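What follows is a set of notes on a single structure, which appears directly below.
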Amino acid sequence: MSINKYQPHVFVLPEDDANRQIANGFILDSNLNNRAIQVLTPAGGWQRVLEILASVHIAEMRKFPKRMMILLVDFDNQPQERLSYIQSQIPEDLIERVFVIGVLSEPEKLKRDAKKDFEGIGEALALDCSQNTNHFWDHHLLRHNKNELERMILSVKPFLLEKDRFKTSPLVGEKILVSQGR
């Protein structure tokens, strides 16, 4: 399925293959609107994420105002410094549509600590989002994302996790609205 560039959608730009696998695990969630999210090719480092954002996606985001970007980077144990630096490189008119999240150190450490493969980590994060919980997001290697996650949920969740708003009623066989919370 392809993205409709004229409807709300999000591109995920991962720093490396480990982050790409986490993002791919996230999009396996059955509640996710797969037509509204696309995981891009790994950039090859967090600085390359910024270079690709500047050279490709800034112009594209201005062309398609319903596009949002998630920059999936390693924070290398410098969460505030890394976040501040990356945000300083994002044009002011786009800052509300760009989110910067990632593991405090590196995904390999989270993989060992959580005893999950990268896709399993992504699945656990998506489950938290779809069930309005923070079990996995509260992991000590992820909780520094709290402010960005809250900001992202407000912007992305209404169209990204819209599929679970409607369930088929076993009584009448029609789709019914089961949640207004998204």
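The values are calculated or read from the model by the stated rules, or taken from the named source; none is laboratory data. What you are looking at is a predicted structure, and each value in this text was computed from that prediction instead of being measured. In this analysis, Cβ positions are derived from the backbone assuming ideal geometry, glycine residues included, and neighbour counts consider all displayed protein chains. Please note that ligands, DNA and RNA were not included when accessible areas were found on the heavy atoms of the full protein model with its side chains. Shrake-Rupley method; radii C 1.70, N 1.55, O 1.52, S 1.80 Å.
Data overview
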read-out	value
Residue count, the range 151-177 (criterion: open to solvent by 90 Å² or more (accessible area, probe 1.4 Å) and either modelled with pLDDT of 50 or more or of a type in the set (Gly, Ala, Ser) (or both))	2
Looking only at the range 17-42, and only at residues there that are free of Cβ contacts under 8 Å to residues at least 60 places away in the same chain, over 16 Å from PHE99 (Cα atoms) and assigned to a loop (DSSP other than H, G, I, E, B), the one that is least open to solvent (accessible area, probe 1.4 Å)	PRO42
Restricting the range 2-40 to residues that are of a type in the set (S, T, N, Q) and within 17 Å of ARG67 (Cα to Cα), the residue that is modelled with the lowest pLDDT	SER2
Condition met for GLN89 (closer than 19 Å to ALA18 by Cβ and free of Cβ contacts under 8 Å to residues at least 60 places away in the same chain)	no
Conditions (1) of a type in the set (Val, Ile, Thr); (2) open to solvent by less than 40 Å² (accessible area, probe 1.4 Å); (3) not in a helix (DSSP H, G or I): number failed by VAL49	(3)
Search result, residues across the range 138-150 that are more than 22 Å from ILE95 (Cβ to Cβ) and open to solvent by 20 Å² or more (accessible area, probe 1.4 Å)	ASP138, HIS139, HIS140, ARG143
Only listed residue being in contact (Cβ under 8 Å) with a residue 40 or more places away in the chain and hydrophobic (A, V, I, L, M, F, W, C), chosen from LEU94, LEU142, LEU154, LEU161	LEU161
Among (1) within 18 Å of the chain's Cα centre (by Cα); (2) assigned to a loop (DSSP other than H, G, I, E, B) - the single one MET61 does not satisfy	(2)
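Per-residue answers, yes or no, for (1) in a loop (DSSP other than H, G, I, E, B); (2) aliphatic (A, V, I, L, M); (3) at pLDDT 90 or above:
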residue	(1), (2), (3)
GLU81	no, no, yes
GLN87	no, no, yes
HIS135	yes, no, yes
LEU149	no, yes, yes
SER179	yes, no, no
